[in-house]
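A.B. asks: What follows is a single structure, and I will ask about it in a moment.
Computed from the coordinates by the stated procedures, all read-outs in this text should not be read as laboratory data. As the structure is a computational prediction, the values presented were derived from the model and not from experiment. No Cβ is skipped: glycine too gets one built from the backbone with ideal geometry, and neighbour counts run over all protein chains shown.
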Amino acid sequence: MKFLIETGSESHTTSYQSCQAKYASGPNEGTHLYQNKPTIVSQEWLKQDKHATVVKTVFELPAGTDILIDYKGFQGPEKFIIRLDEAEEVKDQEIGTSRLRTYSMKGRYHLVRDLVKSASDSLKQSQQEGF
């Protein structure tokens, strides 16, 4: 299955952001998608200078692959796990809450878990239960 994502980082005096994509399960768990070279179909460097490095990459990955999307920005994080699924419609989603550029991803996938929301819910639960 084809999966397109923009990854990279950008930093300036008053703001920063980065977006990474890693395998969330299986034998490659924890490694960046780009480290598995045979899965790369194409790459396009969108920006590469002293303040920013952004690359758009198309991967060919098996259905059922779990991917961790990890965005960190000046105005807050986004961290979630998706699973590639042939039965889903093609989605085109933007990632990023910063005033800098947004990153994009495109493919057939569904959300498995929003890790920022899970952490927030867990914190609230720990503060309310067991008293």
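A.B. asks: Run down the lysines and flag those whose C-alpha is under 20 Å from the C-alpha of Lys50, throwing out any fewer than 8 positions away in its chain.
C.D. replies: Lys72
A.B. asks: For an R0 of 30 angstrom, estimate the FRET efficiency from the Cβ-Cβ distance between Thr14 and Val41 and round to the nearest 0.05.
C.D. replies: Working: r = 36 Å, r/R0 = 1.21.
Plugging the Cβ-Cβ distance into 1/(1 + (r/R0)^6) gives 0.25.
A.B. asks: Moving to a separate point now. Considering amide H positions built from the backbone, and no H for Pro or chain starts, which residues 5 or more places from Phe74, or on another chain, come under 5 Å of its amide H?
C.D. replies: So Phe74 has HN proximity to Tyr16.
A.B. asks: While we're on this one: About its Cα centre, what dipole magnitude does segment 57-110 give when the only charges are +1 on Lys and Arg Cβ and -1 on Asp and Glu Cβ, stated in debye to the nearest 20? Don't jump to the answer; show the numbers that get you there.
C.D. replies: Numbers: 8 positive and 10 negative charges, 74 e Å.
Result for segment 57-110 is approximately 360 debye, rounded to the nearest 20.
A.B. asks: Now for a separate question. Against the globular-protein guess of 2.2 N^0.38 Å, express the Cα radius of gyration of the chain as a ratio, rounded to two decimals.
C.D. replies: Details: Rg = 16.0 Å, N = 131, 2.2 N^0.38 = 14.0 Å.
Its radius of gyration relative to the 2.2 N^0.38 Å reference: 1.14.
A.B. asks: Still on this structure, I have one more. Just grab the label-to-label distance for Ala63 and Arg113, each label 7 Å out from Cα along the Cβ direction, in nm (one decimal).
C.D. replies: The two pseudo-label positions are separated by 2.4 nm.
A.B. asks: With a point put 7 Å past each Cα toward its Cβ, work out how far Lys106 is from Gln93 in nm, to one decimal.
C.D. replies: Distance between the two pseudo-spin positions: 1.6 nm.
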